[in-house]
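First up is the structure itself, then whatever we jot down about it.
The values are calculated or read from the model by the stated rules, or taken from the named source; none is laboratory data. None of these values were measured; they are calculated from a predicted model. Glycine also receives a Cβ, built like all others from the backbone with ideal geometry; neighbour counts cover every protein chain displayed.
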Amino acid sequence: MASRRRDHVPAVALLLTASLLALAACSAPPEPDPAIEVVAQDGAFDPLAITLTGLGAGREVRLVATTELDGAAMSSRATFVADEDGRVDLTTTAPTAGSWTTVDAMGPFWSMTGSSLAIEAGRADHSVTLSLSADGEPLAETVVERTGYGADVEVRPVTDDAMVAAYAVPAGLSADEASPAVLVFSGSEGGLGNARADATWLAGLGYPALAISYFKSPGQPTELAEVPVETFLTGLAWLREQPGVDTDRVFTFGVSRGGEMALWLAANHPDEIHGAFAPTGAGSLYCGYPNWRVSAWTLDGTGLPCAPSSVVGTPPETQVPVEAIEGPVVLACGTADPQWDACGRLRDVRPRFDDQELVTTVEQKEAGHFLAVAPYLPLGLDETGATPAATHQARVDFWDAVDEVLAEAKQ
């Protein structure tokens, strides 16, 4: 009977192999601890880059952001699954669930919810705590210092010539170096508050801006009806006289119903106004609000021709002659705007500009009405029918376009 041959490994070889394995185990680099890596920002308009590391491949983790804005507690949260390297890069990875569900490293900030905030919330520097956990166990925490939109801005009231206004000036503005400047006004809500916020955000980009009220303030019409165009012309003249303002590069910035006046001023005063920003605005003059039987605007005491707000395509006499605007224009709208058909109005006016290359349009599907709010702020994102992420993206694109136009005008 043939015998079966068995090879034996010498004991000394077994001992050597075991020793090498033990040595390799001891010399292997340790697994990194979970961490939240944040790339610092240069200013309030600059997005952050956030990466979660040391998680383990395929691990499900939860990221929570908390802060206090103007005394109001705010928070956001999202769930992620780590990649094969145990990492989550928020600039390339979408949450599987949470207060935002799109790829967006700034999602922890703009998607916060909590108490109702005033329009100028986020003006001051503030801290945001980012906390990382898995299965209810804390993994890592870090604090992000967010630059406020008004951190390097001086805002002062202006009452000259009976104006109800506020002048926002960036720190370090030099009277010896001319800068583009912006005349700012809001929409059918009236008053100064929203315009002052927009002016502060513009100054945060580095440009002086005069916010004016044109109704609902003392000495002014109580509603959007028969508002004198002279109110805007007074503000324009005052702004052009300020030290450091480049009088060849003055822009108008009007939101919603203010947008039609921003375009009208630029079209009718091309020697004084270089261009216009008109988010969710229109290229025609509409009648008063809520009284549609009167004109919204007067010039030398006479009402300007107007159309009912329900109409998109308006009679020629009500249309702003935008072909006369000689400089750049930025328009923006959201297809889910619950206030009025802003995108229909954008599409109506866009072909009427002579130089199409000077016109930038932001048309965002599912976005709402409040597109002039500065990006990354958790404000006005709860509009009926609109998608918060879409509205936020429209804000980013609109303010990027504004920044680009003003930066080019400064060169």
Among the residues of the range 372-393, what is the count of those that are outside any loop (DSSP other than H, G, I, E, B), within 19 Å of Leu331 (Cβ to Cβ) and in contact with a Ser or Thr (Cβ under 9 Å, 6 or more places away or on another chain)?
3
Look through Val362, Val396, Val402 and report the one residue that is closer than 19 Å to Gly187 by Cβ and part of a helix (DSSP H, G or I).
Val402
Residue tally, condition under 29 Å from the mean Cα position of the chain (by Cα), over 20 Å from Gly334 (Cα atoms) and among the charged types (D, E, K, R), over the range 259-311:
1
List every residue pair whose Cβ atoms sit under 8 Å apart, with the two residues 6 or more apart in sequence or on different chains, where the first one lies in the range 32-47 and is without any contact (Cβ under 8 Å) to a residue 12 or more places away in the chain and the second, anywhere, is surrounded by 13 or more Cβ atoms within 10 Å (Cβ to Cβ).
Val39/Leu48; Val39/Ala49; Val39/Ile50; Ala40/Leu48
Of the listed residues (Thr96, Thr129, Thr66, Thr92), the one being surrounded by 15 or more Cβ atoms within 10 Å (Cβ to Cβ), at pLDDT 95 or above and not assigned by TED's automatic domain parsing to the domain that holds Gly206 is Thr66
Only one of these is β-branched (Val, Ile, Thr), crowded, with 16+ Cβ neighbours inside 10 Å, in contact with an Asp or Glu (Cβ under 6 Å, 6 or more places away or on another chain) and over 30 Å from Ala78 (Cα atoms): Val184, Val155. Name it.
Val184
Applying the selection to the range 273-299, what residues are free of Cβ contacts under 8 Å to residues at least 24 places away in the same chain and in a loop (DSSP other than H, G, I, E, B)?
Trp292, Arg293
For Pro378, work out the one condition from (1) crowded, with 24+ Cβ neighbours inside 10 Å; (2) closer than 17 Å to Pro279 by Cα it doesn't fulfil.
(2)
Members of the range 33-48 that are outside any strand (DSSP E or B), surrounded by fewer than 18 Cβ atoms within 10 Å (Cβ to Cβ) and either acidic (Asp, Glu) or touching a strand residue (DSSP E or B) at 6+ places or on another chain (Cβ under 9 Å) (or both)
Asp33, Ala40, Gln41, Asp42, Asp46
Yes or no: the range 244-259 includes at least one residue that is farther than 28 Å from Cys343 by Cβ, among the charged types (D, E, K, R), assigned to a helix (DSSP H, G or I) and touching a residue at least 12 places away in the same chain (Cβ under 8 Å).
no
The lone exception for Gly204 - which of (1) closer than 26 Å to Gln411 by Cα; (2) touching a helix residue (DSSP H, G or I) at 6+ places or on another chain (Cβ under 6 Å) it fails
(2)
So is Ser310 polar (S, T, N, Q), over 29 Å from Thr391 (Cα atoms), assigned by TED's automatic domain parsing to the domain that holds Gly327 and out of contact with any helix residue (DSSP H, G or I) (no Cβ under 8 Å at 6 or more places or on another chain) or not?
no
Selection from the range 241-269 of residues touching a strand residue (DSSP E or B) at 6+ places or on another chain (Cβ under 7 Å) and of a type in the set (D, E, K, R) yields Asp246, Arg249, Arg257, Glu260
Looking at Arg196, is it assigned by TED's automatic domain parsing to the domain that holds Leu304, charged (D, E, K, R) and either surrounded by fewer than 18 Cβ atoms within 10 Å (Cβ to Cβ) or under 19 Å from the mean Cα position of the chain (by Cα) (or both)?
yes
Options Glu177, Glu137: the member that is modelled with pLDDT under 95, more than 30 Å from Ser309 (Cβ to Cβ) and out of contact with any His (no Cβ under 9 Å at 6 or more places or on another chain):
Glu177
Residue in the range 343-388 that is farthest from Phe45 (Cα to Cα), counting only those that are out of contact with any Phe, Trp or Tyr (no Cβ under 6 Å at 6 or more places or on another chain) and among the small types (Gly, Ala, Ser):
Gly344
Filtering the range 312-335 down to residues that are within 22 Å of the chain's Cα centre (by Cα) and crowded, with 20+ Cβ neighbours inside 10 Å yields Pro328, Val329, Val330, Leu331, Ala332, Cys333, Gly334
In the set Ala409, Ala372, the lone residue that is surrounded by 22 or more Cβ atoms within 10 Å (Cβ to Cβ), modelled with pLDDT of 95 or more and in contact with a strand residue (DSSP E or B) (Cβ under 9 Å, 6 or more places away or on another chain) is Ala372
Of all residues in the range 360-405, which are free of Cβ contacts under 8 Å to residues at least 12 places away in the same chain and either within 17 Å of Met74 (Cβ to Cβ) or within 8 Å of the chain's Cα centre (by Cα) (or both)?
Asp382
Wholly within the range 119-181, strands (runs of 3 or more DSSP E) carrying at least 2 residues that are closer than 30 Å to Glu60 by Cα
126-134, 137-146
